[in-house]
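Engineer: Let me begin by handing over the structure; questions about it come next.
The values are calculated or read from the model by the stated rules, or taken from the named source; none is laboratory data. All figures in this text were calculated on a predicted structure; none of them were measured in a lab. Here the Cβ positions follow ideal geometry from the backbone for every residue, glycine too, while neighbour counts run over all protein chains shown. Remember, those area values only see protein heavy atoms, side chains included, never the ligands or the DNA or RNA. Shrake-Rupley method; radii C 1.70, N 1.55, O 1.52, S 1.80 Å.
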Amino acid sequence: MIFPSNRVRIMVATKPIDFRKGHDSLSALVKNELRKDPFTGTVFVFRAKKADRLKLLYWDGTGLVMAYKRLEEHSFTWPAVKDGLMLMNHAQFEALFAGLDWRRVRAIATKAPEAVA
């Protein structure tokens, strides 16, 4: 998938949406219901009532980008359905988008290198 960088914030709307919504309706939903600015470069992830579909909304600096994905034989692993947003790291998002269980993705603990004398 074409994705801007690892530093992009990814926010998942945990409540299912009407999947007939387009760019403008989703950006209005982000602003009015989720109380976030859709034009900051954050990727917003939305789900349908059926857990086999997702939509992404992203401002790339020149326009709104919307992507849609449907899994043919499986369903996405989603957080509990409730109002609000959940922050997701890049690795978790990649797992979600691939149809994997993103809850199993953990950051690797690394030790900072020591200065050489």
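Engineer: Out of everything in region 49-59 that is among the aliphatic types (A, V, I, L, M) and crowded, with 17+ Cβ neighbours inside 10 Å, what residue ends up being farthest from ARG9 (Cα to Cα)? Spell out how you get there, then give the answer.
Structural biologist: Residues of region 49-59 among the aliphatic types (A, V, I, L, M): 51, 54, 56-57.
Subsequent filtering for residues that are crowded, with 17+ Cβ neighbours inside 10 Å retains 54, 56-57.
On the way: LEU54: 17, LEU56: 12, LEU57: 12 Å.
Restricting to residues being among the aliphatic types (A, V, I, L, M) and crowded, with 17+ Cβ neighbours inside 10 Å, the top hit is LEU54.
Engineer: So, one more: Considering each of ALA28, ALA48 in turn, give the residue that is aliphatic (A, V, I, L, M) and over 21 Å from LEU71 (Cβ atoms).
Structural biologist: Values: ALA48 fails: over 21 Å from LEU71 (Cβ atoms).
So the residue among ALA28, ALA48 that is aliphatic (A, V, I, L, M) and over 21 Å from LEU71 (Cβ atoms) is ALA28.
Engineer: Across region 57-95, what is the total count of residues that are within 15 Å of PRO16 (Cβ to Cβ) and modelled with pLDDT under 85?
Structural biologist: The number of residues fulfilling the criteria is 8.
Engineer: Shifting gears a bit: Of everything in region 18-37 that's acidic (Asp, Glu) and more than 17 Å from ALA48 (Cβ to Cβ), which residue is most open to solvent (accessible area, probe 1.4 Å)? Full working, then the answer.
Structural biologist: The initial filter retains those residues of region 18-37 that are acidic (Asp, Glu), namely 18, 24, 33, 37.
Filter once more, keeping what is more than 17 Å from ALA48 (Cβ to Cβ): 24, 37.
Details: ASP24: 119, ASP37: 79 Å².
Filtering first and then ranking leaves ASP24.
Engineer: From the list THR62, THR42, THR14, THR77, which one is surrounded by fewer than 11 Cβ atoms within 10 Å (Cβ to Cβ) and on the phi < 0 side of the Ramachandran plot?
Structural biologist: Checking each option against the conditions leaves just THR62.
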